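Presented below is the structure to which this report refers.
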Amino acid sequence: MFKRIMVPVDLTHADRLAKALNVAGDLAAHYGARLIYVGVSASTPSAIAHTPKEYGEKLEVFAKAQGLAAGVEADGHPVISHDPAVDLDPALIKAVAETEADLVVMASHIPGIADHFWPSNGGTIASRAKVSVMVVR
């Protein structure tokens, strides 16, 4: 049913993504799908990496470890943005096409008062992507 599952990740908060990562791994193993972990980062140094190349390498290591844990093939797909906070949703929508994903599995955030003013990333991706999107809370 699914061949390529895209999983947006924020390596800074990877510890908060366990449920979504497990769901993505289980689905990939069940359907024999490939996992593609997409991370959006700035080209400037961050807490995770000093350069875009280093970020891509760290994302690839993360992806391979997740794939190994799930028993499936996995790759990293880094997206470099001038302003990830502003460009996140459009970058993820574009990554769906770039990775040829047929499913997106992503973590949700805990809803709060801000949700009354700004839409969530998961909600925006689900409403704009041309593929199925599973938001895991």
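General remarks:
- Under the Karplus curve 6.51 cos²θ - 1.76 cosθ + 1.60, θ = phi - 60°, whole-Hz ³J(HN,Hα) for the range 46-51, x wherever Gly or Pro sits: 9, 5, 8, 8, 8, 9
- Note on LYS19: accessible area is roughly 130 Å² with a 1.4 Å probe, heavy atoms of protein only.
- Residues whose amide H falls under 5 Å from that of ARG34, counting only those 5 or more places apart or on a different chain, are ARG4, ILE5, with hydrogens built in the peptide plane.
- Carbon and sulfur %, accessible surface of the chain computed with the full protein complex present, 1.4 Å: 58
- For GLU73 and ASP15, the FRET efficiency from 1/(1 + (r/R0)^6), where r spans their Cβ atoms and R0 equals 22 Å, is about 0.35.
- Normalised by the number of residues in the chain, the average gap of Cα pairs under 8 Å and 6 or more apart makes the relative contact order 29 percent.
- Average accessible surface area per residue within the chain, 1.4 Å rolling probe, Å²: 57
- Only one residue of TYR55, ALA29, ALA74 has its Cα farthest out toward the positive end of the dipole of the range 1-79, where Lys and Arg carry +1 and Asp and Glu -1 on Cβ, and that residue is ALA29.
- For the pair SER127 and SER81 in one chain, pulling the backbone fully straight at 0.36 nm per residue adds 14.4 nm over the alpha carbon distance.
- In a reduced charge model with +1 at each Lys and Arg Cβ and -1 at each Asp and Glu Cβ, the range 9-102 shows a dipole moment near 200 debye about its Cα centre.
The values are calculated or read from the model by the stated rules, or taken from the named source; none is laboratory data. Fair warning: this is a prediction, and the values are worked out from it, not measured in the lab. Note that we place each Cβ from the backbone using ideal geometry, even for glycine, and neighbour counts take in every protein chain shown. Heavy atoms of the whole protein, side chains included, go into the accessibility calculation; ligands, DNA and RNA do not. Shrake-Rupley method; radii C 1.70, N 1.55, O 1.52, S 1.80 Å.
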